[in-house]
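What follows draws every value from the coordinates through simple rules; no lab data is involved. Not measured: the values here are computed from a predicted model. Positions of Cβ are generated from backbone atoms using ideal geometry, with glycine treated the same way; all protein chains shown enter the neighbour counts.
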Amino acid sequence: MTITQTQSSVNDSVGIVQPDYFTFAEDEPFCLESGATLGPVTIAYETYGRLNAEHSNAILICHALSGSAHAAGYHGTDDRKAGWWDECLGPGKAFDTDRFFVICSNVIGGCYGSTGPASINPATGVAYGLSFPVVTIGDMVRAQRKLIDHLGIDQLLCVAGGSMGGMQVLEWAAHHADRVKAVMPLATTAHHSPMLIAFSEVGRQAIYADPNWNNGDYYSKGKRPDAGLAVARMVGHITYLSDASMHQKFGRRLQQLERYGYEFNTEFEIESYLKYNSNNFTRRFDANSYLYITKAMDYFDLAQPTGALAASFAAAEAVKFLVVSFTSDWLYPSYHSKELVTALMVAGADVTYLDIQSTWGHDAFLLEVETMTRLLGSFLDRLVREEGVARPEKEIRRQGDRETRRQGDKENGSIDPALLERLRSAAEVMA
Amino acid sequence: MSQATVAKSQSRKVQSPELQSPKSVLPARVATPHSPLPTSYSLRPDLAVIAELIPAGAKVLDLGCGDGELIHYLVNTKQVKGRGIELSEQGVLACVRRGLSVRQGNLNEGLADYPEHSFDYVVLSQTLPFLSDAKKILLEMLRVGQRAVVSFPNWGYWRCRLELLMSGRVPQAPGLPQPWYEAPRWQAFTITDFAHFCQQINVSICQEVYLAHGRRIQVRKIKNLLATTAVFALEKTA
């Protein structure tokens, strides 16, 4: 939770951050939706900014399929890559850490510090593997709720997230409405469609087909199912782009070649890009976690148990919604969000909805920084006004640090990363 | 429909169709991003009339709300519970900037979302000439709201008639610069046309206000000749 500003942190970054860990269900196991139990459960989380005296300025950020608790800032002075939503999270940004206390935690079932299939099962002394119970989006959110309790926060000012993060956001609104004032479900859905389940299954089949997967028991074998996970990631990655963005970014260009080689080497830029990213992905992600998390998404259907989505939001009448979709997102097409908006209207909730014009496909929620900053920032300004949210007490050394940072900005000239770099880093954290 | 709503947001940006009045150029409706919220108001004349017709504390839905000027005014001066539907991204962003709850979409999809009588008033200002199915929208407005309030330009205004007679060309409002053959298309109609139409679909006019070049005029019989804009509050005939 220690946040310090350093010269290496430019562009109004939150600076160097370290993850924290919270463990619960040590005595009584945590009951999952499936009926299975899990315990103890550890949640890795990071926080940015400071909690105000009333504990009323807390915002929870939920990450997507392959994301982590590291939403902003850097893990060390030589860390080149900022957290996955750094462009919207920091002093003066959409989630302004001068005003808000922002929390981001890794989901259970994940592989970035929270309990998941790669964790050691205390009962056996070896990694869970497939003996890890199947978790749901509902389970992930109930675990987050334990963390929020632990942090002494009675009610979150806002819960925000895109894609699978958006599913968690909707879960909060539907089933924990008394704990949130407002929610921002972005580029998401209230129920996973057959097409989404189909893509999940292709990814899982690729992992099953890798002999190194060994029914999920590979942690002690020295060989990981990287080939399978890489194919899963490639398929996923394609779904985060759009026809237009692929034309724009790669076209039919060849990678370091003048003409076709009439062979099966990597020739096109798009091939090379997918290969590069999926290989990177296998170094940072666990194949079993990929299985568990995609399964959690597939089970997600907020219309249950009644079949009527509006009924699931009956308790959310007092929650303020900012629903956002993107015109070129074919993975979570705008009609998903429009259905959600219709259900929320019927439920009598206070809804703002925008379908943002973008060619970036599903990735747009991380790439349309300017529009998102305006939209999210304005919505949060309104919450601050309407809920009378006080600023947190100032850190004494804040001023000096800000000046150092600004100086750093000037020396570094333009700090906006190139679009390819943005696309790349977005891709790294996507789903 | 989408074409009509495109026209709607444009019409708000350019100007109300104040016929034959080049002087009445209205300020652009879309606020500069991050500009401070205005503290004093000078509402567009037809919006000022609409605001008068709406009682304090009412639940109001503004169709094609632009940058939220009307709802913002009503929320701050009459404590109404206001919602909006707006097609343009810039409009929605400006509304959120004002702290309003607005749903992006065209009128068809936006209205269909709401249960019966979920509002006291549903407002449609200066948009009727652009609708491809005005009857459907009007009936939807009266399903979703107890009352509907509409404002529209009057092509029956004497100078329009004179222009057709003298030049042989269909008169055009200065606020609607598109010629007849270019989208967005508008349908010219008059106050008398609209009154007949209301009768036909069993809708009664409960309040009526007439404007000429932004000023209220008190007329009974020759309103269709003298008014440039009409504002009506409507109800379903029992």
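Listing for the model above:
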{"read-out": "Distance-filtered residues of the stretch A:113-138 - backbone nitrogen under 20 Å, label point 7 angstrom along A:Glu26 Cα→Cβ", "value": "A:113-116, A:119-126"}
{"read-out": "Within 10 Å of each Cβ in B:101-107, the average number of Cβ atoms from other chains", "value": "6"}
{"read-out": "Sorted by Cβ neighbour density within 10 Å, fewest at the top, the residues A:Asp363, A:Asp27, A:Asp286, A:Asp20", "value": "A:Asp27, A:Asp20, A:Asp286, A:Asp363"}
{"read-out": "Unit charges on C-beta of K, R, D, E only; dipole of the stretch B:62-213, Debye", "value": "220"}
{"read-out": "Net charge, A:Ala287 excluded, C-beta distance under 9 Å - Lys, Arg +1, Asp, Glu -1", "value": "-2"}
{"read-out": "FRET efficiency estimate (nearest 0.05) - Cβ-Cβ, B:Arg185 to A:Ser131, R0 51 angstrom", "value": "0.20"}
{"read-out": "Modelled FRET efficiency - R0 30 Å, B:Lys136 with B:Gln90, Cβ distances, 0.05 increments", "value": "0.65"}
{"read-out": "B:Asp193-A:Asp79 pseudo-label distance in nm [points 7 Å out on the Cα-to-Cβ vector]", "value": "6.5"}
{"read-out": "Environment charge at B:Trp155 (Cβ cut-off 9 Å; Lys +1, Arg +1, Asp -1, Glu -1)", "value": "0"}
{"read-out": "Computed FRET value (nearest 0.05) for A:Glu201 with A:Glu271, which takes r as the C-beta separation and R₀ as 35 Å", "value": "0.90"}
{"read-out": "Label-to-label distance, nm, for residues given as A:Ala308 and A:Asn215 (7 Å Cα→Cβ offset)", "value": "4.6"}
{"read-out": "Total charge dipole magnitude, chain A, about the Cα centre, Cβ charges on Lys, Arg, Asp, Glu only, Debye to nearest 20", "value": "500"}
{"read-out": "Signed unit charges on C-beta, dipole axis of chain A, positive-most listed residue A:Phe321, A:Leu376, A:Ala190", "value": "A:Leu376"}
{"read-out": "3J(HN,Hα) from dihedral phi, the stretch B:126-134, Karplus parametrisation 6.51/-1.76/1.60, rounded to Hz, x for glycine, proline", "value": "6, 10, 3, x, 9, 6, 7, 9, 4"}
{"read-out": "Proxy reagent accessibility, fewest Cβ within 10 Å first, across A:Lys81, A:Lys394, B:Lys223", "value": "A:Lys394, A:Lys81, B:Lys223"}
{"read-out": "Shielding of A:352-358 by partner chains, average beta-carbon count, 10 Å", "value": "6"}
{"read-out": "Exposure proxy ranking, count of Cβ atoms within 10 Å, fewest first, for B:Asp62, A:Asp149", "value": "A:Asp149, B:Asp62"}
{"read-out": "Furthest towards positive pole of dipole, A:Ser358, A:Ala44, A:Ala206, structure part the protein assembly as shown, Cβ charges", "value": "A:Ser358"}
{"read-out": "Peptide A:286-299 - average C-beta neighbours from other chains (10 Å radius)", "value": "0"}
{"read-out": "Among the listed pairs B:Lys135/B:Lys223; B:Lys59/B:Lys236; A:Lys146/A:Lys394; A:Lys320/B:Lys59; A:Lys93/A:Lys394; A:Lys181/A:Lys394, those beyond 26 Å (Cα-Cα)", "value": "A:Lys146/A:Lys394"}
{"read-out": "Furthest towards positive pole of dipole, A:Ser289, A:Gly15, A:Met234, structure part the protein assembly as shown, Cβ charges", "value": "A:Gly15"}
{"read-out": "Chain A - share of DSSP beta bridges that are antiparallel (%, nearest 5)", "value": "35"}
{"read-out": "Two-decimal log10 I(q)/I(0) for the protein assembly as shown, as the Debye equation yields it once each C-alpha is a single scatterer, q = 0.06, 0.07 Å⁻¹", "value": "-0.40, -0.53"}
{"read-out": "Cut-off of 10 Å, at most 16 other beta carbons, DSSP loop: longest stretch of chain A lacking such GluC sites (Glu not before Pro)", "value": "A:55-257"}
{"read-out": "Virtual spin-label span in nm between A:Glu258 and A:Glu317, 7 Å along Cα→Cβ", "value": "7.4"}
{"read-out": "Size of charge dipole - the stretch A:64-147 - debye, nearest 20, with Cβ of Lys, Arg +1 and Asp, Glu -1, no other charges", "value": "260"}
